[in-house]
Structure formats: C-alpha cells, structure tokens
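Enquirer: Can you keep this structure in mind? I'll have questions shortly.
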Amino acid sequence: MTSTSRLPLLAGLPLAVGAGLAIPVQGRINGALGARLNDGIAAAVVSFSTGLVVMIVISLLLPRGRAGLARIIPAVRSRAFPRTYVLAGCIGAVFVFAQSFTVGLLGVALFTVATVTGQTVSGLLVDRLGLGPAGKKPVTGIRIIGCVLTIAAVAWAVSPRFASGSAPGTDGGPASLVLPLLLPVAAGFLMSFQQAMNGTATVHYGTPIAATLVNFIAGCLVLWTALAVKVAVAGPGNPLPGEWWYYLGGPMGCVFIGLGALLVRSLGVLVTGLGMIAGQLLGSLALDVVLPAPGTVVAPATVLGTILTLAAIILATLPWPRGALRRQRPVG
C-alpha cells in the first residue's frame with residue numbers, strides 16, 4: 001500500500017476552503033447549462049465528460065498521474081479497499097445532476113442550504129463510523145454545536161434570496177419546494193461518503209489524481225446510460241451552446257473532488273466538508289458581488305451569515321480538549 005503525506009490543520013483547512021470556492025461556480029454553470037439545454041441529464045453529462053477529458057490528460061502527462069494509473073487495477077484486484085469504492089463517482093453524478101436539475105428550479109440559495117444540511121449531518125456520521133482514511137473520530141458536543149451553527153448560519157446567509165417564500169420556476173409557496181429539495185439534500189448527504197471513499201482509494205493509489213479519474217469514469221458511465229434512456233423515451237433536448245464557459249463545470253469538479261480526496265486523510269470527512277462549505281459561501285458571495293445574477297442583492301444578512309459560518313467552522317475544527325463542555329469542578 002502507498003500513502004500520501006498528512007497535512008496539518010492550518011495547511012489543510014485553507015485548501016478545503018479553496019476547493020469549496022469551485023462549487024458555486026460549478027453550480028452556476030451547470031444550472032445555466034441545464035436551463036439552456038432544457039435537459040438536466042444532458043447538462044450533467046457535459047459536465048462529467050469534460051471533467052473526464054481533463055483528468056485523462058492530467059493522468060497521462062504527469063509522472064504521478066501515470067504512477068497512479070498503474071496502481072488502480074492492482075489495488076482493486078487485491079481488495080485493498082472495498083470494490084464498491086470505485087463507484088464513488090456515481091455519487092458525484094447524483095450531485096451534478098441535482099445541480100443541473102434543481103438550481104434553476106430552487107435557486108442557488110435553497111440548493112445551498114439543502115446540500116449543506118445533508119453534508120454536515122453525514123459528515124458527523126461518516127467520521128463516527130470511521131469510513132474515511134483518517135479513522136474514527138468522536139462525535140463531541142463541540143462538533144455537534146459547530147455543525148448546528150453551520151447549518152443555521154448558512155440558512156441566515158442565504159435567507160434574503162428566499163425570504164419571499166418561493167423560488168425561481170415555482171408558482172406555489174414553500175410546500176411546492178418540498179419534493180425538489182429532497183434531491184439536493186440526498187446529494188449533500190452522499191457527498192461525505194464520496195469523500196471518505198475517495199480518500200481511502202487515494203491512500204492505495206498514492207495520488208488523488210487516480211481517485212478523481214476513477215470518479216469521472218464511473219460518473220460518466222451512469223450519466224451516459226441515463227441520457228441514452230432519456231433520449232430513447234423523450235428525444236434529445238436543445239443543441240449544445242457555442243459559448244466556451246458552459247463547459248467549465250467539469251474542470252471545477254476536478255478541483256473539489258481531487259482536493260477532497262487528498263484532504264480527508266488529514267482532516268477527516270467532517271472538517272474537510274465544513275471547510276468546503278466555508279469556501280462555497282465565500283464563493284457564492286463573491287459571485288453575487290462580481291457577477292450577480294438578475295435580481296441579486298447582497299444583503300447584510302448574507303455577509304453576517306457568512307462570517308458566522310466561518311466562526312462555526314472554526315469552533316468545530318479547533319482541537320478542543322476532552323470535556324470542554326463539561327462544567328469544571330472548583331479546586332480545593
């Protein structure tokens with residue numbers, strides 16, 4: 001078995017935040033592409049296919065990528081980790097499909113709250129079960145408080161965008177959003193499992209490049225199959241757009257999948273996920289300021305909620321001593 005070096009918290013957490021910055025950019029691109037094609041599955045296929053091309057090129061050009069390629073089949077054959085871990089890319093396919101299908105319907109705000117809620121809850125569970133390469137991590141009171149504060153802060157940060165009670169593309173009130181919300185909640189919940197699976201595979205491949213490549217291969221197989229069924233039943237959607245920026249969703253996915261696979265061994269699944277959530281909010285805020293969508297207003301709640309999210313993540317990730325929440329007995 002090969003291994004990747006562990007990163008200290010002060011180095012790994014900023015990388016997780018940086019990886020999270022790519023998520024809202026990808027969401028904006030895939031949501032726009034899904035609306036342009038009038039086909040969420042086709043948009044997800046485009047995103048994963050471009051990402052696969054990028055990873056193939058990287059794997060062939062870089063010496064570390066070629067070394068990782070040579071280790072994939074031996075690691076799977078020797079059962080160095082459960083073979084189902086090679087299907088982690090299917091979870092990524094679900095997430096990208098959720099972006100393409102629901103961002104235009106729910107808006108970025110509700111999509112963000114839904115995925116963050118699912119990911120935060122499952123991050124605690126995955127760390128407690130020890131599914132990632134960092135092993136079991138206890139569910140302490142501080143971590144639970146940090147997670148609850150993170151969800152509340154994210155909801156506060158995006159509240160100005162759904163204060164009216166409805167979302168783009170819906171005619172009803174909040175009740176009409178229940179079913180569409182289930183998909184991003186499920187996608188967010190599964191993301192922690194994907195990061196744990198990718199992190200374990202990375203340890204045995206020796207590089208996150210190989211784990212990311214396998215992710216895109218599995219995701220493409222699922223999405224191309226789904227698209228073939230959809231075309232056979234309902235016919236194709238709109239033709240592909242000519243604008244180059246519609247095809248950047250896949251490369252954005254390469255960034256956060258690859259860094260996530262690298263970081264979970266050092267930080268654990270929950271801390272990696274929380275760092276990405278911080279980056280996701282900061283990226284969303286930057287998009288709203290620099291490239292605002294029609295009708296976007298950067299309200300004080302957005303800025304303050306983002307700051308509170310960062311504080312909650314620091315609370316959950318600091319190495320608090322055991323019994324930090326317990327009342328200290330007086331001496332003497």
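The values are calculated or read from the model by the stated rules, or taken from the named source; none is laboratory data. Just so it is clear, the model here is predicted, and its values are computed rather than measured. Neighbour counts run over all protein chains shown; Cβ positions are idealised from the backbone, glycine included. With ligands, DNA and RNA removed, areas are computed over all heavy atoms of the protein, side chains included. Shrake-Rupley method; radii C 1.70, N 1.55, O 1.52, S 1.80 Å.
Enquirer: Apply the Karplus parameterisation 6.51 cos²θ - 1.76 cosθ + 1.60, with θ equal to phi minus 60°, to every residue of segment 46-58 and state each ³J(HN,Hα) to the nearest whole Hz, in sequence, with x for glycine and proline.
Expert: For segment 46-58, the Karplus curve yields 4, 4, 5, 5, 5, x, 5, 4, 4, 5, 5, 4, 4 Hz.
Enquirer: May I pose another question? How far apart, in nm, are two points set 7 Å out from the Cα along the Cα-to-Cβ line at I73 and at V53?
Expert: 2.6 nm
Enquirer: Put Y205, Y247 in order of accessible area, largest first, 1.4 Å probe: what do you get?
Expert: Y247, Y205
Enquirer: Hey, another quick one. Under 1.5 on a/c is rounded, so check that first for segment 218-308, then, if it is not, pick prolate when a/b is larger than b/c and oblate when it is not; a ≥ b ≥ c are the square roots of the alpha carbon gyration tensor eigenvalues.
Expert: Because a/c hits 1.5 or more and a/b fails to exceed b/c, segment 218-308 counts as oblate.
Enquirer: Taking θ as phi - 60°, what are the ³J(HN,Hα) couplings along segment 191-196 by the Karplus curve (6.51, -1.76, 1.60), each to the nearest whole Hz, with x for Gly and Pro?
Expert: 4, 5, 5, 4, 5, 5
Enquirer: Output ³J(HN,Hα) for segment 76-89: one whole-Hz value per residue in order, computed from phi by the Karplus curve 6.51 cos²θ - 1.76 cosθ + 1.60 with θ = phi - 60°, and x for Gly and Pro.
Expert: 5, 5, 7, 6, 4, 8, x, 5, 5, 5, 5, 8, 4, x
Enquirer: What FRET efficiency, computed as 1/(1 + (r/R0)^6) with R0 = 35 Å and r the Cβ-Cβ distance, is obtained for I314 and N238, rounded to the nearest 0.05?
Expert: Efficiency computed from Cβ-Cβ geometry: 0.20.
Enquirer: I'd like to know which of L110, C90, G65 lies farthest towards the positive end of the charge dipole of segment 1-148, counting +1 on Cβ of Lys and Arg and -1 on Cβ of Asp and Glu.
Expert: With unit charges placed on the Cβ atoms, the residue in question is G65.
Enquirer: What nm value, rounded to one decimal, do you get for the distance between T225 and R83 when each label is placed 7 Å out toward the C-beta?
Expert: 1.5 nm
Enquirer: Using DSSP to define loop residues, name the trypsin sites (Lys or Arg not before Pro) in segment 32-110 whose beta-carbon has at most 11 other beta-carbon atoms within 10 Å.
Expert: For trypsin sites (Lys or Arg not before Pro) across segment 32-110 that sit outside H, G, I, E and B with at most 11 neighbouring Cβ atoms in 10 Å, the list reads R79.
Enquirer: Could I ask something else about it? To the nearest 20 Debye, how big is the dipole of segment 2-154 about its Cα centre, given +1 on the beta carbon of each Lys and Arg and -1 on that of each Asp and Glu?
Expert: Dipole size: approximately 620 debye.
Enquirer: I314: accessible area at probe 1.4 Å, nearest 10 Å²?
Expert: 90 Å²
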